[in-house]
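Notes follow once the structure below has been shown.
The values are calculated or read from the model by the stated rules, or taken from the named source; none is laboratory data. Fair warning: this is a prediction, and the values are worked out from it, not measured in the lab. All Cβ positions, even for glycine, are placed from backbone atoms using ideal geometry, and neighbour counts span all protein chains on display. Protein only, heavy atoms only, side chains kept; ligands, DNA and RNA dropped before computing areas. Shrake-Rupley method; radii C 1.70, N 1.55, O 1.52, S 1.80 Å.
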Amino acid sequence: MLIKPKIINATVNDARKLCSFPLTTKSTDEYSLSTRLGGDYEFNKIFIEIKNKFNYLLANEEIVLPPGKEPMEGLYLTVDPGYRSAQKNNLRFGEILRLASIIEMLENGKNLFKIYSKNTAVYFHSKYKFEPNMNAVSDANRVLESIIKNKKQGLQEYSLEAERILSFNRPNMSYEERKAYCKAANELTKEYIKKVQSLGKDAYKEYPFDFGMDMVLTKDMLIRKRAVFNDLFKKHSIDYTI
């Protein structure tokens, strides 16, 4: 049975939308997802939380959700270590949080969802169509160097291209040169990630990034890949369609 998310205004005077819904799982345990506003000193923050029937917090994501058209920004996403184990990872709390944040993005009329991904989470976020969005030459350099190190069979062309792009790095680049440099690094990293993901479910473990990076999900991407996300909503019995 599909469960329709409950979407309400944050407060009487705050039209930002907050979603909540119970989780349907094969487990006999009961879980629910809800979104709450941050406190007095957490301006514009919301917290998406998954709890069990004893109100114990098992997973959550902290997001900056400004009013208007400003981008939404994810600050961190975490799942209780006990729910990352092989025995319990079929609950897919991380995936459910990501789907809930996409509901927040769409219901609040946001065109951009920006995050900084830890190096160990880049492939996770890429599964949900986030793409590299590095804007600092130093960040691009570090990611390119990670790609250069991974010269395993089948990915040599990416290492060579990373070396080529890195060769253009020099002190005192103009704004336009830095912009073009980061754009080239972003495009290569995006294609590199796609290639690694095509190698198999766990192949990413053999191709780690040494550093994290800025990433972005656009509304345009959500629309173009709506079939992927609609299947995920259905998979988790969430009655929501893009």
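Summary of computed values
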{"quantity": "When residues of segment 1-26 are limited to those that are among the hydroxyl-bearing types (Ser, Thr, Tyr) and not in a strand (DSSP E or B), the one farthest from Ile46 (Cα to Cα)", "calculated": "Thr25"}
{"quantity": "Test: Ser174 is out of contact with any Asp or Glu (no Cβ under 7 Å at 6 or more places or on another chain) and either more than 30 Å from Arg92 (Cα to Cα) or among the small types (Gly, Ala, Ser) (or both)", "calculated": "yes"}
{"quantity": "Matching helices (runs of 4 or more DSSP H) fully within segment 163-242 where at least 1 residues are surrounded by fewer than 19 Cβ atoms within 10 Å (Cβ to Cβ) and of a type in the set (S, T, N, Q)", "calculated": "175-198, 226-235"}
{"quantity": "Counted residues, segment 117-137 - those being open to solvent by less than 60 Å² (accessible area, probe 1.4 Å) and more than 14 Å from Pro208 (Cβ to Cβ)", "calculated": "10"}
{"quantity": "Some residue of segment 124-139 being without any contact (Cβ under 8 Å) to a residue 24 or more places away in the chain, more than 20 Å from Glu187 (Cβ to Cβ) and out of contact with any Lys or Arg (no Cβ under 7 Å at 6 or more places or on another chain)", "calculated": "no"}
{"quantity": "Residue within segment 128-135 that is in a helix (DSSP H, G or I) and either modelled with pLDDT under 95 or touching a Cys at 6+ places or on another chain (Cβ under 6 Å) (or both) present", "calculated": "no"}
